[in-house]
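Worksheet for the structure shown next.
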Amino acid sequence: MTDLPPDLARLRVVETYLLVQLRHVREAIRLAEQRERRQRTEGRRALREADAADRLRRRRQSETEALAAVDADDRPGGPGRAPRTAHAGRTTPNAAVKWWHVEPAQSAGPAPRPAYLHRGDCPRYRGDGRPGFTRDEARAALADRRSEVPTILPCPQCRPDFGLA
């Protein structure tokens with residue numbers, strides 16, 4: 001047996017009450033769904049911002065490491081770096097050493113590539129038996145521009161332009 005009243009008038013009152021309650025429940029559900037969507041969107045935004053901050057941190061770290069490598073170039077006998085000569089008790093870069101290499105441009109194939117200048121210890125450079133360049137020749141190669149387009153680009157991995165300053 002049910003706890004509902006037997007007469008129609010009171011049943012209509014109960015029905016109206018329950019409809020009002022149902023409307024309140026549906027409104028609460030709608031607000032909860034909005035809140036969840038907003039939190040998911042903010043969560044994705046926070047993840048994107050964290051990823052962007054991480055990429056920026058890694059880029060700054062690689063720039064710092066590249067600058068540290070340039071500093072290592074100026075130290076005597078730096079590992080895998082250009083040989084030095086001593087003058088009056090201090091070491092200086094030997095400008096006559098052929099330490100820099102050019103990877104020729106590739107115009108054929110599906111993805112043409114420009115010519116790249118590499119340090120002598122760059123892992124991307126595949127030696128082809130060609131003689132290297134001195135510091136001054138490497139500087140001149142990077143400075144050579146024809147119609148505002150550089151003919152030789154610095155390797156993005158070993159960054160030889162930092163060592164030529």
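The values are calculated or read from the model by the stated rules, or taken from the named source; none is laboratory data. Computed from a predicted model, the values in this text were never measured in an experiment. When we count neighbours, we look across all protein chains shown, and the Cβ atoms used for this are built from the backbone with ideal geometry, even at glycine.
Of the residues A72, A52, only one is over 24 Å from P160 (Cβ atoms), modelled with pLDDT under 90 and either in a helix (DSSP H, G or I) or of a type outside the set (K, R) (or both); which?
Result: A52 is the single residue among A72, A52 that is over 24 Å from P160 (Cβ atoms), modelled with pLDDT under 90 and either in a helix (DSSP H, G or I) or of a type outside the set (K, R) (or both).
Please find, among T134, T64, the residue that is modelled with pLDDT of 80 or more and not aliphatic (A, V, I, L, M).
On the way: T64 fails: modelled with pLDDT of 80 or more.
On inspection, the qualifying residue turns out to be T134.
Please verify whether the range 114-126 includes one or more residues that are at pLDDT 70 or above, under 19 Å from P154 (Cβ atoms), charged (D, E, K, R) and loosely packed, with under 10 Cβ neighbours inside 10 Å.
Yes, the range 114-126 contains a residue that is at pLDDT 70 or above, under 19 Å from P154 (Cβ atoms), charged (D, E, K, R) and loosely packed, with under 10 Cβ neighbours inside 10 Å.
Residues of the range 14-28 being among the acidic types (D, E) and within 51 Å of the chain's Cα centre (by Cα), which ones?
Within the range 14-28, just E27 meets the criteria.
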